Amino acid sequence: AQSVTQPDIHITVSEGASLELRCNYSYGATPYLFWYVQSPGQGLQLLLKYFSGDTLVQGIKGFEAEFKRSQSSFNLRKPSVHWSDAAEYFCAVGAADSNYQLIWGAGTKLIIKP
Amino acid sequence: NAGVTQTPKFRVLKTGQSMTLLCAQDMNHEYMYWYRQDPGMGLRLIHYSVGEGTTAKGEVPDGYNVSRLKKQNFLLGLESAAPSQTSVYFCASSLNGENIQYFGAGTRLSVL
């Protein structure tokens, strides 16, 4: 069955420290991969996406993610977090043969320590 | 430039009542989606539409109906609300299925 796993429910990071949020997927077809961010009480905003090509993708707000097919992973990274990065982060996977319906991870809540 | 607008933002229903959630987008997108978000479960697709006049079931369609009579609007209906439908509902749209989805701010629904 198709699935997306975000192993960490919560992550606490000090402001200025580096960040890596994990995303693993199980998908039969060539996947399209997304990271979205949700601030409290808000809708979801796209951070970055991978469709094909370079496996290291750059997104907004200084985020990047790397697609590793051999590990079925699409981890999100940021070299130095800011207090404004505190939010919930969702990984999602889709594919052309699923009519592009997205399968979503359960989310990782990022807490920033001052 | 409103993007995706959901109304209402909050609603409290009693078990058995009905209601309709409205989603409107002004980006001329073909695809529209309704999701529900529950704690620890991420987003689950309820129904979606690939164009005006078309709808399809998603992962959790039971207890919900939808209509897409106009391209810009996607309505989600609850005919007889149940406490299990207490959730935050998000509407999204995309230019086509491959493109990114743009989300509304959500509707928080409580069914007592």
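By how many nm would the segment from B:T7 to B:L69 grow when fully extended, if each residue of separation counts as 0.36 nm and the alpha-carbon distance is taken off?
Numbers: separation 62, 0.36 × 62 = 22.32 nm, distance 1.71 nm.
Length gained between B:T7 and B:L69: 20.6 nm.
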### Query
For peptide A:48-54, how many partner chain Cβ atoms fall within 10 Å of a residue's Cβ, on average?
1
### Options A:G107, A:I11, A:S39, ranked by Cα towards positive dipole end of the protein assembly as shown, top entry (Cβ charges)
A:S39
### Task
Could you work out which residue, out of A:A29, A:A95, A:A65, moves most in a Gaussian network model of chain A, that is, has the largest mean-square fluctuation with Cα springs under 10 Å?
A:A29
### Message
What would the Debye equation give as log₁₀ I(q)/I(0) for chain A at q = 0.12, 0.13, 0.17, 0.18 Å⁻¹, counting only Cα atoms as equal point scatterers?
### Response
-0.38, -0.45, -0.77, -0.86
### Task
Would you list, by chain and number, the lysines whose Cα falls below 19 Å from the Cα of A:K78, excluding same-chain residues fewer than 8 positions away?
A:K49, A:K61, A:K68, A:K109, A:K113
### Summary
Fewest-first ordering of B:W34, A:W35 by Cβ atoms within 10 Å yields A:W35, B:W34
### Message
Would you calculate the convex hull of the Cα atoms in chain B and tell me its volume per residue in Å³?
### Response
91 Å³
### Query
What do you get when you divide the Cα radius of gyration of region A:37-79 by 2.2 N^0.38 Å, with N the number of residues?
1.26
### Relative exposure of B:D26, B:D62, judged by other C-beta atoms within 10 Å (fewest first)
B:D62, B:D26
### Task
Could you work out which residue, out of A:L47, A:L33, A:L56, moves most in a Gaussian network model of chain A, that is, has the largest mean-square fluctuation with Cα springs under 10 Å?
A:L56
### Task
Please report, in whole Å, how far the alpha carbons of region A:64-114 spread along each principal axis, starting with the longest.
44, 21, 13
### Query
When the Kirkwood hydrodynamic radius is evaluated over all pairs of different C-alpha atoms of the protein assembly as shown, what value in angstrom, to one decimal, is obtained?
18.1 Å
### Task
Provide the three semi-axes, in whole Å and in decreasing order, of the ellipsoid equivalent to region A:1-47 as defined by the square roots of 5 times the Cα gyration tensor eigenvalues.
24, 15, 10
## Note on the structure
In order over region A:8-24: 3J(HN,Hα) from phi, Karplus 6.51/-1.76/1.60, θ = phi - 60°, whole Hz, x for each Gly or Pro, gives 9, 6, 10, 9, 10, 9, 6, 4, x, 7, 7, 9, 9, 10, 8, 9, 10
### Summary
Any aspartates and glutamates whose Cα falls less than 17 Å from that of B:K71, other than same-chain ones fewer than 8 residues away, would be B:D26, B:E30, B:E52
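What does the average come to when, for each residue of peptide A:29-42, you count the partner chain Cβ atoms lying within 10 Å of its Cβ?
Values: counts 0, 0, 0, 3, 0, 2, 0, 4, 0, 5, 0, 0, 5, 4.
Mean partner-chain Cβ count within 10 Å for A:29-42: 2.
Return the average number of partner chain Cβ atoms within 10 angstrom of each residue Cβ along peptide B:97-104.
Values: counts 8, 7, 4, 7, 9, 4, 7, 3.
For this peptide, the per-residue mean of nearby foreign Cβ atoms is 6.
If you place +1 on the Cβ of every Lys and Arg, -1 on the Cβ of every Asp and Glu, and leave all else neutral, what size is the dipole of chain B about its Cα centre, to the nearest 20 Debye? Show your work: numbers first, answer last.
Details: 10 positive and 8 negative charges, 69 e Å.
Using Cβ point charges on Lys, Arg, Asp and Glu, chain B gives about 320 debye.
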### Query
Magnitude of the Cβ-charge dipole of the protein assembly as shown, K/R +1 and D/E -1, about the Cα centre, nearest 20 debye?
400 debye
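Every number here is computed from the coordinates shown, using simple stated rules; none is lab data. Quantities reported herein were computed from a predicted structural model and do not represent experimental measurements. We place every Cβ from the backbone using ideal geometry, glycine too, and count neighbours over all the protein chains shown.
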